[in-house]
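The values are calculated or read from the model by the stated rules, or taken from the named source; none is laboratory data. Just so you know, these numbers come straight off a predicted model, no measurement behind them. Positions of Cβ are generated from backbone atoms using ideal geometry, with glycine treated the same way; all protein chains shown enter the neighbour counts. These area figures cover heavy atoms from the full protein model, side chains too; ligands, DNA and RNA do not enter into them. Shrake-Rupley method; radii C 1.70, N 1.55, O 1.52, S 1.80 Å.
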Amino acid sequence: MSRIEQLIGAMTLGEKLGQLTMTAAPYAVTGPFVAGDITAGIKSGAIGNLLNLYGPDTVAKTQRLAVEETRLGIPLLIGLDVIHGHRTLFPVPLGEAAAFDPALWTATARAAAREAAADGVHLTFAPMCDVCRDPRWGRIVEGPGEDPFVGAAIAAAKVAGFQGSNLEGIAACAKHFAAYGAVTAGREYASTDISARTLQEVHLPAFAAAVAAGVATIMPAFTELGGVPMTAHKELLTDYLRGELGFEGVIISDYNAIAELLHHGVAADLAEAAALALQAGIDIDMMAGAYGSGLPIALERGLVSLAQVDAAVRRVLILKERLGLFKDPCRGAGVEAAEMVAQRRVLARAAAAKSAVLLKNDDGVLPLAKPHRIALIGPLGDAAEEMRGCWAAAAPMTGCVSVVEGLRAALPDTKIDHAQGVTIDGGDTSGIAKAVTLCDGADAIILCVGEAANMSGEAASRAHPHLPGLQQALCDAVFATGRPVITILFSGRPLIVPALAEKSAALLAAWFPGSEAGNAIADLITGKVSPSGRTPISWPRATGQIPVFFGERNGGRPFNAADHYTSKYLDSENTPLFVFGHGLSYGRFVFSNLRLSAATLTEKGAVTVQVDVANDGARAAEETIFLFTHDKVAQVTRPLLELKGFGKIALEPGARGTASLTLRGTDLRFPGPRLTPWFEPGEVEICLGTAADRTQLLTATITLVAQ
Ligand code: BGC
């Protein structure tokens, strides 16, 4: 008999439920309440898993309680939200999505996993796979942006990075399953209610990709979907994830989510809640205490069976075994070599530079020629702590490079004067005059404005996703000098900033760049690195446009300026301020000669799509090429553009090259009239270019044919 079966055979019910319980240690606070002393619970076997614990010594001490002082000596599984780095921070996920670089996505996850493993962590609650089209939702910062194809690509890259090929890294957790990003009105924890088609087309692909990549664990969302809380959603957790996708790993509830089934109104007491969750397929109860106290009663009432409990315990023990915890309960924990830490900072700097999106650069105001004096204005110019963004894991408050520090290091001969003008969301304008005075005689004016790190992330929805506080007044005063202004915008979402975009000569969306923020920004500002980020999300012009996204459908009365009775606003354009994919570099790229390797495509076939690219600019740069399709006539309506691929080409000034992307027949499947996979013969438009702007794309047509 295997070790796991022997253990299950020897366990009391209490010990089994302990293996299905995950309790928060106090080293990070990620929920509305924390547990008390956990020592007794570990020793009795009532707590088999922890979250929010790290540090090699602390982990070793705690792990000893489980291994040496419990009856069966089963090691603890220790999880932490290592979302965009552990001690070294990479850009927040939405920012890193803008890099459109799967190798980078994998590399930062691998680096974070190594650093977290050295700190005794076995499991990260990442990647967050929630596609979202509503910038009011604070958690948009944790995800891939608006597009399901990007979501799937990131999910696969991150799982590979965190876990390695055989869980030699740390276990990953695809969360929050599913459609959390569709919360009503962008309000955190609100319910979701979307069509089965939208669920399939938009919200499930990233999870399917995570499962295909071998993700070890999955976390259901706090939210309900069309009347069924995800924590109790048997159809999606068991029938779809385990049945259809073949997921064999562990499903971990979100923080206290099982107890919240009472608030949802589907369970009358904790025993019912626990039974619903177990029946639905949840193995581990995070912080609700529902399995420990509710399942014994649910068993007595016959709501669940012991065999169901055993199946969940088995999955948890298999994960512990796969992670090697039985052999080495503190696997990988210890002090890292200084060189390793230094290498991670190099990666963090490159990642931050690749993630920033140059939204505007009039008259080539960037890069800066060596200025004598820079006026650096705004509350985010000297704000090292804010650079961390949300979910900063174990990163120290003081570990990030601020913009002013980065610029001073990059430009030692330049005088850099800083004034914050206003605070991020305060009501005091008395500092504006001094800030404006500082602009007098400066060779360059750089405005650093945006959100605070805690204005996005969990429980951070905003009904007015504009520049907070009185920052717009500061910006207006600086613009009134009539000088060209370079604006660096920090945010965890696409902010609604039409005035800022119009009046800034250059606008760089830096998101929250992480540990190396200031150095990476200096690399871009000085031209050491050409910007290459592309926005993974549309930037609305107005809150009333939300959701605005490129994958919309045509409708029966698409906008036509000459016809009143068409789809439009009376007071805003339909288009976003910045479209998905938009982003400038210091090069100037020209695309021509779009061609396909074949005129027809079968479901099992593939076609190569090529385009010639020239860099007619004066600087070396990298361009991103997006491959979209549009199925013009099908039995169900198709989006106007669907992303099917992306790639990059780097060219020296004056150089030419060819970009090649592959389109497979299976990429053109969609959920058919009955929502089953559908491949419909007929013409499909291939649209290629640098952003989801139909007016700028090169197009060709391919004919889909039956096998
Ligand atoms: C969040 C999860 C997170 C968990 C553990 C919850 O509040 O929704 O994303 O992984 O806490 O910290």
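Quick notes
- Selection from the stretch 205-238 of residues that are within 19 Å of R674 (Cβ to Cβ) and free of Cβ contacts under 8 Å to residues at least 40 places away in the same chain: G226, E235
- Some residue of the stretch 202-209 being within 16 Å of the ligand (Cβ to nearest atom), under 15 Å from the mean Cα position of the chain (by Cα) and within 23 Å of A116 (Cβ to Cβ): yes
- Of the numbered criteria (1) out of contact with any strand residue (DSSP E or B) (no Cβ under 9 Å at 6 or more places or on another chain); (2) at pLDDT 95 or above; (3) open to solvent by 10 Å² or more (accessible area, probe 1.4 Å), the one G85 fails is (3).
- Criterion (open to solvent by less than 30 Å² (accessible area, probe 1.4 Å), among the aromatic types (F, W, Y) and out of contact with any strand residue (DSSP E or B) (no Cβ under 6 Å at 6 or more places or on another chain)) met by exactly one of F580, F490, F549, F559: F580
- Just one of (1) open to solvent by less than 60 Å² (accessible area, probe 1.4 Å); (2) in a loop (DSSP other than H, G, I, E, B); (3) free of Cβ contacts under 8 Å to residues at least 60 places away in the same chain; (4) of a type in the set (D, E, K, R) fails for D612. It is (2).
- Scope the stretch 319-338; condition buried (at least 21 other Cβ atoms within 10 Å of the Cβ) and touching a Leu at 6+ places or on another chain (Cβ under 8 Å); matching residues: L319, K320, L323, L325, P329
- Matching entry among A692, A650, A706 (being open to solvent by less than 50 Å² (accessible area, probe 1.4 Å) and either over 24 Å from N574 (Cβ atoms) or touching a strand residue (DSSP E or B) at 6+ places or on another chain (Cβ under 9 Å) (or both)): A692
- Checked against the criterion of being touching a residue at least 60 places away in the same chain (Cβ under 8 Å) and either within 16 Å of the ligand (Cβ to nearest atom) or open to solvent by 40 Å² or more (accessible area, probe 1.4 Å) (or both), the candidates V316, V341, V309 yield just one match: V341.
- Restricting the stretch 39-71 to residues that are among the β-branched types (V, I, T) and either surrounded by fewer than 20 Cβ atoms within 10 Å (Cβ to Cβ) or without any contact (Cβ under 8 Å) to a residue 24 or more places away in the chain (or both) leaves a set whose member that is nearest to A333 (Cα to Cα) is T58.
- Only one of the numbered conditions (1) among the aliphatic types (A, V, I, L, M); (2) touching a helix residue (DSSP H, G or I) at 6+ places or on another chain (Cβ under 6 Å); (3) closer than 27 Å to P32 by Cβ is violated by A288, and that is (2).
- Checking the stated criteria, A659 turns out not to satisfy the condition of being part of a loop (DSSP other than H, G, I, E, B), open to solvent by less than 30 Å² (accessible area, probe 1.4 Å) and closer than 22 Å to P102 by Cβ.
- Yes/no for L94 being more than 17 Å from V313 (Cα to Cα) and either open to solvent by less than 10 Å² (accessible area, probe 1.4 Å) or away from the ligand (no atom under 16 Å from the Cβ) (or both): yes
- Restricting the first member to the stretch 674-685 and to residues that are aromatic (F, W, Y), and the second to residues that are not in a loop (DSSP other than H, G, I, E, B), the beta-carbon pairs closer than 7 Å and six or more apart or on different chains are W678/F670; W678/P671; F679/G665; F679/L668; F679/L704.
Every residue, every condition in (1) surrounded by fewer than 16 Cβ atoms within 10 Å (Cβ to Cβ); (2) assigned to a loop (DSSP other than H, G, I, E, B); (3) of a type outside the set (A, V, I, L, M, F, W, C), yes or no:
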residue	(1), (2), (3)
A409	yes, no, no
G427	yes, yes, yes
L438	no, no, no
L474	no, no, no
V478	no, no, no
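- Output for the stretch 161-188, where each listed residue is within 16 Å of the ligand (Cβ to nearest atom), in contact with a helix residue (DSSP H, G or I) (Cβ under 9 Å, 6 or more places away or on another chain) and part of a loop (DSSP other than H, G, I, E, B): I170, A172, A178, A179, V183, E188
- In the stretch 15-36, of all residues being more than 30 Å from the chain's Cα centre (by Cα) and under 16 Å from E69 (Cα atoms), the one that is nearest to the ligand (Cβ to nearest atom) corresponds to G18.
- The residue list D130, D134, D101 contains one member that is charged (D, E, K, R), within 16 Å of the ligand (Cβ to nearest atom), touching a residue at least 12 places away in the same chain (Cβ under 8 Å) and at negative phi, which is D130.
- Residue in the stretch 217-230 that is open to solvent by less than 10 Å² (accessible area, probe 1.4 Å) and among the polar types (S, T, N, Q) present: yes
- Only residues that are farther than 15 Å from A312 by Cα and either part of a helix (DSSP H, G or I) or among the aliphatic types (A, V, I, L, M) (or both) were counted across the stretch 13-46, and they come to 14.
- Of all residues in the stretch 374-398 being touching a Lys or Arg at 6+ places or on another chain (Cβ under 8 Å) and surrounded by 17 or more Cβ atoms within 10 Å (Cβ to Cβ), the one that is farthest from L89 (Cα to Cα): I374
- Residue count for the stretch 278-288, restricted to those that are open to solvent by 10 Å² or more (accessible area, probe 1.4 Å), within 16 Å of the ligand (Cβ to nearest atom) and either in contact (Cβ under 8 Å) with a residue 40 or more places away in the chain or farther than 24 Å from P26 by Cα (or both): 1
- Positions within the stretch 258-274 being assigned to a helix (DSSP H, G or I) and within 16 Å of the ligand (Cβ to nearest atom), in sequence order: L261, H263, H264
- Residues in the stretch 503-546 that are among the acidic types (D, E) and in contact with a strand residue (DSSP E or B) (Cβ under 9 Å, 6 or more places away or on another chain): E516 only.
- Residue satisfying condition, being touching a helix residue (DSSP H, G or I) at 6+ places or on another chain (Cβ under 6 Å), outside any strand (DSSP E or B) and within 30 Å of V150 (Cα to Cα), within set R493, R462: R493
Yes/no matrix, rows are residues, columns are (1) open to solvent by 10 Å² or more (accessible area, probe 1.4 Å); (2) within 16 Å of the ligand (Cβ to nearest atom); (3) assigned to a helix (DSSP H, G or I):
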position: I251; (1), (2), (3): no, yes, no
position: N256; (1), (2), (3): yes, yes, no
position: L276; (1), (2), (3): yes, no, yes
position: I297; (1), (2), (3): yes, no, yes
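- Out of A113, A118, sole residue that is out of contact with any Lys or Arg (no Cβ under 8 Å at 6 or more places or on another chain), more than 29 Å from A692 (Cβ to Cβ) and surrounded by fewer than 23 Cβ atoms within 10 Å (Cβ to Cβ): A118
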